[in-house]
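Structure record follows, encoded as structure tokens.
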Amino acid sequence: MNRTLARRRTTSRSLLACACIVIATLAGMVWVRSDAHSAPASCALSNGTHKIAASPGASLLAASDADLNRELAIAEELGMWAVRFDVDWSVVEPVRGQRNWAPIDRVVNAIVAHGLCPVGLATYTPLWAAKPLDFPRNSHYRPADPTVFASFAAAAAQRYAASISVWEIWNEPNLAHYWLPRSNATEYGRLLAASYTAIKRAVPGAAVISGGLAPGADNGRDIAPLTFVRSLYQGRFNGSFDALSVHPYTYPALPNDPAAAAWSTAARMWDMRDVMVAAGDGDKKIWMTEFGAPTGTATNSVSEAVQAQSIQIAVGAQYDAPWLGPLFIYSLRDAGTDPNNLEHNFGLVRRDWSPKQAYTLLRSR
């Protein structure tokens with residue numbers, strides 16, 4: 001694949017409410033016992049080359065035990081390396097000083113039990129920690145104090161040190177939707193730097209990757225991925241990540257469609273690579289922590305054949321460009337059954353668990 005691998009529009013990821021959890025209280029603090037398994041040694045950052053992984057995100061926290069294990073069994077069947085999921089601060093600590101880790105424990109344990117590597121996405125903000133502190137209230141507001149978020153990220157890294165080797169800091173920070181009220185690369189860089197330092201202090205062997213950059217334009221609220229990367233480097237924040245993360249969606253176009261090159265985030269990965277090399281970061285890889293295409297009948301949907309072809313092209317890109325890290329497919333299972341809803345139709349399998357062509361393609365490789 002050449003410099004064309006962006007969706008024209010951005011979509012909102014559904015955020016979830018967590019399931020009921022059991023907690024024990026001691027001396028005013030909330031403690032949750034963790035029975036985490038130990039992840040395989042192959043989960044290290046350096047072992048992600050040429051790997052395929054899954055990025056179901058927040059959905060795993062809301063899934064029943066049966067659905068959680070069935071979804072992870074699909075990743076296992078497809079020979080996937082890792083599963084990226086939300087370690088959502090707003091879920092763990094909705095009340096300041098009271099952290100309930102049970103929802104995260106459950107997912108981490110399940111991922112590792114299926115022989116997969118958990119990749120933790122530390123992200124989002126409890127209302128008590130958000131900026132602004134008044135209305136409107138939303139977990140997608142940036143934290144008022146990046147060091148408080150960093151403390152949470154470090155606590156998570158320490159709790160799951162035996163299970164999670166790689167931590168991603170925030171989701172799609174170049175979009176206003178995830179960094180309300182508008183994206184700001186310098187503010188995000190400060191959050192990234194504080195988190196990197198805190199995580200490395202807590203777990204020196206942990207790896208930290210930057211938040212996945214989504215397709216977007218420089219429009220006063222969002223920031224184009226390449227512009228965002230340049231700003232991170234201009235601010236000298238590149239010392240605060242071990243790999244760069246990008247979400248190179250291209251639907252409805254194929255990743256290698258030259259007609260899409262002008263707006264393709266995938267194509268810009270080569271330009272991002274140039275920025276990294278020029279700054280002496282040639283040894284760092286670019287991780288594709290979300291990629292996929294929605295089937296269905298909505299505008300910008302694709303056929304199941306095109307979904308499969310898109311994934312096949314992205315897999316091939318890992319071999320054509322050795323500086324690309326693992327490919328995380330969004331997602332394993334359709335989120336719903338409405339063919340006119342883009343967010344319902346990213347799965348490799350349908351909501352009823354029947355396979356799409358992309359599943360069959362990956363199963364046969």
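The numbers here are math on the coordinates, done by the rules we state, and not lab data. Quick caveat: nothing in here was measured; it's all calculated off a predicted structure. For neighbour counting, all protein chains shown are included, and Cβ atoms are generated from backbone atoms with ideal geometry for every residue, glycine included.
Taking θ as phi - 60° and the Karplus parameters 6.51, -1.76 and 1.60, the scalar couplings of the stretch 280-285 work out to x, 9, x, 7, 8, 9 Hz in sequence order, x denoting glycine and proline.
3J(HN,Hα) along the stretch 200-213: 5, 5, 6, 9, x, x, 6, 9, 10, 10, 6, x, x, 8 Hz, from the Karplus curve 6.51 cos²θ - 1.76 cosθ + 1.60 with θ = phi - 60°, whole Hz, x for Gly and Pro. The 3J(HN,Hα) values that the Karplus relation (6.51, -1.76, 1.60; θ = phi - 60°) gives for the stretch 42-48 are, in residue order, 6, 7, 5, 3, 5, 9, x Hz. Gly and Pro appear as x.
Dipole check for the stretch 217-365: with +1 at the C-beta of Lys and Arg, -1 at the C-beta of Asp and Glu, and the Cα centre as origin, the magnitude is about 220 Debye.
Please work out which option in [x] 276; [y] 128; [z] 156 gives volume of the Cα convex hull per residue in Å³ calculated from these coordinates, and answer with its label. It is the value labelled [y]. Were the residues from S42 through R70 laid out at 0.36 nm apart, the gain over their Cα-Cα distance would be 7.8 nm. Near V302, the amide H atoms lying under 5 Å from its own belong to T295, G296; only residues 5 or more places off or on other chains count, and H is placed 1.01 Å from N.
Sorting S183, S264 by the number of Cβ atoms found within 10 Å of their own Cβ, with the fewest placed first, yields S264, S183. Ranked by how many other Cβ atoms sit within 10 Å of their own Cβ, fewest first, the residues K131, K285, K51 fall in the order K131, K51, K285. Between the alpha-carbon centres of the stretch 270-310 and the stretch 86-142 there is a gap of 26 Å. Taking every lysine pair in the chain that is 8 or more places apart or spans two chains, those with Cα atoms closer than 23 Å amount to 5.
Ranked for footprinting exposure by Cβ neighbours inside 10 Å, fewest first, W323, W128, W179 give W128, W323, W179. The convex hull of the Cα atoms of the stretch 175-265, projected and averaged over all directions, covers 6.7 nm². Distant-in-sequence amide contacts of C117, defined by a placed amide H-H separation under 5 Å and a gap of 5 or more residues or a different chain, comprise A82, V83.
Taking amide hydrogens as placed 1.01 Å from N in the peptide plane, the amide H of W287 sits under 5 Å from those of L244, S245, V246, G325, each at least 5 positions away in sequence or on another chain.
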